[in-house]
């Protein structure tokens, strides 16, 4: 028998061990290991996307709240400085392709739309709106016309952000929120529109908050005075469109129209885009309205009541509230 030196055996054993190690290294991960790693990566990516989306939405909302607060304080300062009633009004601005007008309604496709803040000042004239005169009120509806303030540049809120106010008419007790409408593409059918509101915050000459303007007018002021933003600057309120079934004086659903402004005792800034992801907005179409109603919202099939109910539910939970000092008129933001 031929003997083999121990050193040679050790060398061969080391080579086999190295080869096995190299073979195991070259084999990489098993399929199960790869699936686990991929699953972890997907989970991390999903969590990151959710976090980034939430941070982005919160940042846009916070920016809008700051814009609204700054606009309110600027308007209040202008009222004191000029000794003139000044009002902040929240309108809707759109970008359209091939804008045309049919029956008083814009048509063609809307590219973008967002809430625009205007600061307006009260003009001297008081307009008797004879178009609403009847035997009962003897034409005693008077309009206080507001014009855009030359010292204030319009402010556009981030896209998808809106401003809401409590609905103080129809015997509501500030428990329902109303806001600007969202205009639909190629829409000339009033029954297919969203019925929103033109909201304003009015400051007196001493900076305090005003809920109405008193004095003036006729002896019989059964209907009182209304604030109107004179969009076309012609000194008159645009006439009521008969298609709106008598709701045109208080509803905002056409670009450039001049409904009576709903004066707000407090506000809420909210993400309208996020809200629309939670509800079926097709139930919000049309003028159907119930003055005195109680939730659940599902008990209303469609129309303004269903829209106001859904909006109120969302705004109460997610909106950023802005309140006013009753003596000074200064605004204060209340975080959620």
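The values are calculated or read from the model by the stated rules, or taken from the named source; none is laboratory data. Model, not experiment: these values are computed from the prediction. Cβ atoms come from the backbone with ideal geometry, glycine included; neighbour counts cover every protein chain shown.
How about the range 97-111: which of its residues are over 17 Å from residue 193 (Cα atoms) and in a strand (DSSP E or B)? Listed by number, the residues that qualify are 100, 111. The residue that is nearest to residue 169 (Cα to Cα), counting only those in the range 185-197 that are out of contact with any strand residue (DSSP E or B) (no Cβ under 8 Å at 6 or more places or on another chain) and at pLDDT 85 or above, is 194. A count restricted to the range 57-66 and to residues that are buried (at least 19 other Cβ atoms within 10 Å of the Cβ) and either closer than 23 Å to residue 207 by Cα or in contact with a helix residue (DSSP H, G or I) (Cβ under 6 Å, 6 or more places away or on another chain) (or both) stands at 2.
Of the residues examined, residue 257 is not one that is at pLDDT 90 or above and under 26 Å from residue 156 (Cα atoms).
Residues that are under 21 Å from the mean Cα position of the chain (by Cα), closer than 24 Å to residue 266 by Cα, modelled with pLDDT of 95 or more and assigned to a strand (DSSP E or B) do not occur anywhere in the range 63-77. The requirement of being at pLDDT 75 or above and closer than 30 Å to residue 272 by Cα is fulfilled somewhere in the range 125-145, by at least one residue. The listed residues are 200, 215, 207, and the only one of them that is modelled with pLDDT of 90 or more and either under 24 Å from residue 281 (Cβ atoms) or part of a loop (DSSP other than H, G, I, E, B) (or both) turns out to be 207.
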